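J.: I have a structure here, written as structure tokens, and I will follow up with some questions on it.
Read-outs throughout are calculated quantities, based only on the coordinates presented, and are distinct from any laboratory measurement. Quantities reported herein were computed from a predicted structural model and do not represent experimental measurements. Here the Cβ is made from the backbone with ideal geometry for all residues, glycine too, and neighbour counts use every protein chain on show.
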Amino acid sequence: MAANKLTKYIRFTWLLVWLPFTLIFLLISFISLEIFVDLPSVQELQNPKSNLATVIYSSDMKTLGKYYAENRVSVKYYELDKDLVNALIATEDARFLEHSGVDLRALGRAVFGALTGSSSSGGGSTLSQQLAKMMFPREKLSKFETVIRKLKEWVIAARLEKNYTKDEILALYLNKFDFLNQAVGVKSAAQIYFNRTQDSLEIQQAAMLIGMAKNPSLFNPVKKADTTLHRRNVVMMQMVVNGFLTKEKYDSLKVLPLGVIFHPEDHNDGLAPYFREYLREYFLKTWCANHINPETNKPYNIYRDGLKIYTTIDSRMQKYAEEAVTEHMTDLQKLFTKECKTKKNAPFAWNVNKEQIENIMMSSMKRSDRYRSLRNAGLSKEQILAEFKKPVAMTVYSLRGDIDTTMTPWDSIRYYKSFLHTGFISIEPTTGYVKAWVGGVNHKHFKFDHVKVGRRQVGSTFKPFVYALAIQEGYSPCYQVANVRTCIETPGQPAWCPDNSDGNKGTGKMVTLRYALAGSINYVTAWVMKQFGPDAVINLVRRLGITAPIDAVPSIALGTPDISVFEMVAANATFANKGTYIQPTFITRIEDKNGKVLEEFFPTTDEVFSEEKAYAMIQLMRGVVDIGTGTRLRFRYNLRNEIAGKTGTTQNNADGWFMGLTPDLVAGCWVGGEERSVHFNSTNEGQGASMALPIWGKFFQKVYADPSLKVSKNGFVKPANMGDVQLDCTEFDRQSALDIPMEDLDFEGKDY
């Protein structure tokens, strides 16, 4: 009887021992068979969903920037630093290469540790289980649901091991992990924390990143450096224990500081922020709407689908362009700020009255985010104005960097009006490829793009298009015209009789077309316009890619239309490209996340001039740089190669322009205030040769100094069939110059 009772106790005891294992086995079997639960499909496992950043590449394969919901760019296993892999295995899953997703030995140690209270037994989750948890995140669950979820992760881990190699699992893990501070995935983390690529990390750097995997909030090198340093050393000790690092090497590395070079990625930072924003806002928005992602059956999403955008921008030229803009605009702004201290209505011109200033200020106030926010809150116009005139703490832009100050929002509007702005672009004339794009002085504070989006009055930079009609109709650059006042009659309107900008010097003397363009002589430009009429000029510029509205009036000869820098440079590039207009191109191709080409881009072309006529125009425009308003490129910037160009200055010095052409690169620049009433008093400082030309000069100095760019200083190639077209106007121009001192040819004044 006693024996039977003992047997029952033994059976019951064994039942208690084996029942949990049996239940777990049954639960895992049910889960594996997807009874009562759902598991990721094989397709989901093989094509895990991740938010991948769209990456923008330069033509020399540098990363210009990204668009992302999560700043993640996937890398392959072979692109990982070996110390990253070794540190991850040593710290998170020492038996990773031996198990098949679930490590029963490690699990047993973890259970034993939980029962005994031992903290040295380690965790039971394998890298595959951790990856399963990251790929299919847990929701807020009850204790029972948490147990079921944990068992599901075991099954998913086993399936991951079946569908992926060990190397692929390691890469998936490191690509998926969020290292905080917008560093999602190890590629972004290496860049943001150490300004390195993920395949060039030092051992201690790799160890720090892997140390974050335990708890990135706790081991955050930006906020908790000491804790992170300790964790980094724990990781390196685990590498010693597992044979990936010698004790001697560890002893030398553990004393090193973290060495973090924290560089958080911001859309305002990096190269070409204005270009990247234009690309995002105006181009890709339309492109994505017209292209369907077969994986989602929805339009491509630039923030999640991992597109690769290959652009024509050259990172070196872009850097030089941004440097040239910063160097010149800093000096120019200091000069303008100094002048503003003497202005009664600063930063507005002396002839702007109080009512006009009030209208400008009110209009700007109504365009602000603060105004819209207050309107949405239900405040009246009077209440909003009162709020705008209350001092508040704010951070404002300055040449010395951001400044924390107290100012009324009303005063801050006026403060920001005092800054000059610019737009600069460089295009390769033979391909139409955009090589550099600078849309302003500071993208964080002034987001408006002055290259493609903004349009400003172009002044005398429009004159070459007028002269091009004469060249096209058989006139030579040396054709002589009397420098006398010309009037053009228009039905129903007063006659248009523009004056010269030089005080009428040289009136009555015969001058060549080359000399007239070089000195920006309005009398001769009006004469040319009279020969062909505004409609012919407009028809021509339309073929040159200019789409801006242009009124068919004679005054357009002197540059009254508002046109973008983008269109002006592209039009001028036609002369350098032997008469063929090429639509500017800034993207060469777009690929999906797997490298499949989704679209390639090829520019449209139009032969506007013959090669001979285009060359004649180049010789005509060379006079601007050799003897005219652009001569400072020679004596100040020491650029001695063949350059064709044109300066431009609009009424009251509101806009300064320069277009410059070489066989390899064509570039153009505009400088001015946000408001046309914000400008220099003196033409000496406010002309295009002073405001815009220096950016062009500095940029080309830098470009020519970099042999890796292979931008030549060769001259324009003369066509073989020029015939008897007269191109050498030296003697005529020398005689014309007797009445005009050379220093006067270095400024323009008003153009109309």
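J.: How high is the relative contact order of the stretch 282-431, given as a whole-number percent (alpha carbon pairs under 8 Å, six or more residues apart)?
T.: That works out to 16 percent.
J.: Can you sort Val255, Val671, Val453, Val624 from fewest to most other Cβ atoms within 10 Å of each residue's own Cβ?
T.: In order of increasing Cβ crowding within 10 Å: Val255, Val453, Val671, Val624.
J.: What is the Cα centroid distance between the stretch 364-414 and the stretch 636-676, reported in whole angstrom?
T.: Rounded to whole Å, the Cα centres lie 35 Å apart.
J.: Using R₀ = 35 Å, calculate the FRET efficiency as 1/(1 + (r/R₀)^6) where r is the Cβ-Cβ separation of Arg196 and Thr406; round to 0.05.
T.: Rounded to the nearest 0.05, the efficiency is 0.30.
J.: How far apart, in nanometres, would the label points at Thr604 and Met134 be if each is projected 7 angstrom from Cα along the Cα-to-Cβ direction?
T.: Here the modelled spin labels are 4.7 nm apart.
J.: As a quick test, which of the pairs Lys76/Lys285; Lys381/Lys447; Lys66/Lys447; Lys62/Lys166 have an alpha carbon distance above 19 angstrom in this structure?
T.: Going by Cα-Cα distance, Lys76/Lys285; Lys381/Lys447; Lys62/Lys166 fall outside the 19 Å limit.
J.: Once you have a ≥ b ≥ c as the square roots of the Cα gyration tensor eigenvalues for the stretch 414-554, tell me rounded if a/c is under 1.5, and otherwise prolate or oblate according to whether a/b is larger than b/c.
T.: Note, shape of the stretch 414-554 comes out prolate.
J.: Which length gain, in nm to one decimal place, applies between Ala552 and Asp60 when the Cα-Cα distance is subtracted from 0.36 nm times their residue separation?
T.: Fully extending the segment from Ala552 to Asp60 adds 172.8 nm.
J.: Can I ask one more? Report the calculated FRET efficiency for Lys319 and Asp251 (r = Cβ-Cβ distance, R0 = 45 Å), to the nearest 0.05.
T.: According to the calculation, E is roughly 0.60.
J.: When the dipole is taken about the Cα centre of the stretch 420-746, and only Lys, Arg (+1) and Asp, Glu (-1) are charged at their Cβ, what size is it in debye, to the nearest 20?
T.: About 660 debye.
J.: Moving to a separate point now. Give me Ser373, Ser520 sorted ascending by neighbouring Cβ count inside 10 Å, so fewest comes first.
T.: Least to most surrounded, the residues fall as Ser373, Ser520.
J.: Which of the lysines could be linked to Lys223 by a straight reach, that is with a Cα gap under 22 Å, when you skip same-chain ones fewer than 8 residues away?
T.: Candidates past the 8-residue exclusion: Lys187, Lys214, Lys254.
J.: While we're looking at this one, here's another question. Go ahead and run the numbers for FRET between Ala495 and Arg542, Cβ-Cβ distance against an R0 of 25 Å, rounding to 0.05.
T.: 0.40
J.: Further question: Which order do Glu675, Glu248, Glu567 fall in if you start with the one that has the fewest other Cβ atoms within 10 Å?
T.: Ordered from fewest to most neighbouring Cβ atoms within 10 Å, Glu675, Glu248, Glu567 come out as Glu248, Glu675, Glu567.
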